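What follows is a set of notes on a single structure, which appears directly below.
The values are calculated or read from the model by the stated rules, or taken from the named source; none is laboratory data. None of these values were measured; they are calculated from a predicted model. As a convention, Cβ positions derive from the backbone with ideal geometry for all residues, glycine included, and neighbour counts pool all protein chains shown.
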Amino acid sequence: MMLPDLTFGERYDRLHDRLGAADPDPDVIWAMPMVLHLPKAQPPSRTAVLESAARAAILLCLDERAGGDGPWTTALDTWCGISIRKIARRARSGAHWEAAQSVPGVTVDAGGAAVRAIVPSPVTDVDKRISRLQIEGTDLPADEPGPPGEVPVRLWINPHLAMTVGKAAAQAGHGSMLAVRLLTDDQARQWFSAGCPLSVRTATEAQWADLLTRESRSETAAVRDAGFTEIEPGSITVIAERG
């Protein structure tokens, strides 16, 4: 995972530039597919899935293939220049999950939860190995993961919104990307080298109120949803803070 400093610095700067260039009215809709491995026999915990999804998204964005003249650079530039929309799909069978591994992207498998973030593309041109996977049915029961612990990035979910695990996974992925804005180049480099460890927790109402106050002082980074699915446009779904 360790890469030359200049190479990482370029990718870090490029992600900053990408996140500041979004246009909310694209002619062509692009999205990052996120494949959640949700076997029926032994499904993972909801929290573990959200954490793996958040890590997979940011690891893809900071991957060496996403910078300079890398093979993913144009796709990420185009996607971020339109939006950072993500669409979660579920893979139940081992065969479908294994097929997804051959599509360009990054997989995180941690805490018993595996998620693959796929290089963005137009939604009308998604690889058939991904488009055949179901969008519906990506839900898991709430769990009790305990305190977030000492991690460089903490992602807090809005306690006032009801989201399926697929929707929440996409929002957590947005949050991990925006969290880069809270880190210096050196902090981001260390975070990436460690595999982008983070926590995802649902905030209490009191925690959420405090986070909103600090967001106005640029101490946190908030995800505001476009409202394509499940929730009202402009809703703050996730707030990222530095650990």
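Brief remarks on what is shown
- The residues in segment 215-227 that are touching a strand residue (DSSP E or B) at 6+ places or on another chain (Cβ under 9 Å) and modelled with pLDDT under 85 can be counted, and the count is 2.
- Positions within segment 56-81 being assigned to a loop (DSSP other than H, G, I, E, B) and small (G, A, S), in sequence order: G67, G68, G70
- Residues in segment 172-188 include at least one that is hydroxyl-bearing (S, T, Y) and out of contact with any helix residue (DSSP H, G or I) (no Cβ under 9 Å at 6 or more places or on another chain).
- Counting only residues that are surrounded by 24 or more Cβ atoms within 10 Å (Cβ to Cβ) and of a type in the set (A, V, I, L, M, F, W, C), segment 157-179 holds 7 of them.
- Residue check for D210: more than 29 Å from F228 (Cα to Cα) and among the charged types (D, E, K, R): no
- Taking residues in segment 129-157 that are on the phi > 0 side of the Ramachandran plot, and partners anywhere that are crowded, with 18+ Cβ neighbours inside 10 Å and not in a loop (DSSP other than H, G, I, E, B), the pairs with Cβ atoms closer than 7 Å and at least 6 places apart or on different chains are G137/R90; G149/S199.
- Yes/no for E144 being modelled with pLDDT under 95, of a type outside the set (A, V, I, L, M, F, W, C), within 23 Å of L38 (Cα to Cα) and out of contact with any helix residue (DSSP H, G or I) (no Cβ under 8 Å at 6 or more places or on another chain): yes
- Segment 69-90 residues that are touching a residue at least 60 places away in the same chain (Cβ under 8 Å) and basic (K, R), paired with ones that are surrounded by fewer than 23 Cβ atoms within 10 Å (Cβ to Cβ) and in a helix (DSSP H, G or I) (beta carbon under 7 Å, 6 or more apart): R89/I130
- Segment 82-102, subset in a helix (DSSP H, G or I) and touching a helix residue (DSSP H, G or I) at 6+ places or on another chain (Cβ under 7 Å), residue surrounded by the fewest Cβ atoms within 10 Å (Cβ to Cβ): A99
- Residues satisfying the stated conditions in segment 182-217, i.e. touching a residue at least 60 places away in the same chain (Cβ under 8 Å) and within 11 Å of V153 (Cα to Cα): L182, A188, C196, P197, L198, S199, V200
- Considering residues of segment 193-210 that are of a type in the set (A, V, I, L, M, F, W, C) and surrounded by fewer than 22 Cβ atoms within 10 Å (Cβ to Cβ) only, the residue farthest from the chain's Cα centre (by Cα): A206
- One residue from V103, V49, V119, V108 being farther than 23 Å from A226 by Cα and within 16 Å of the chain's Cα centre (by Cα): V108
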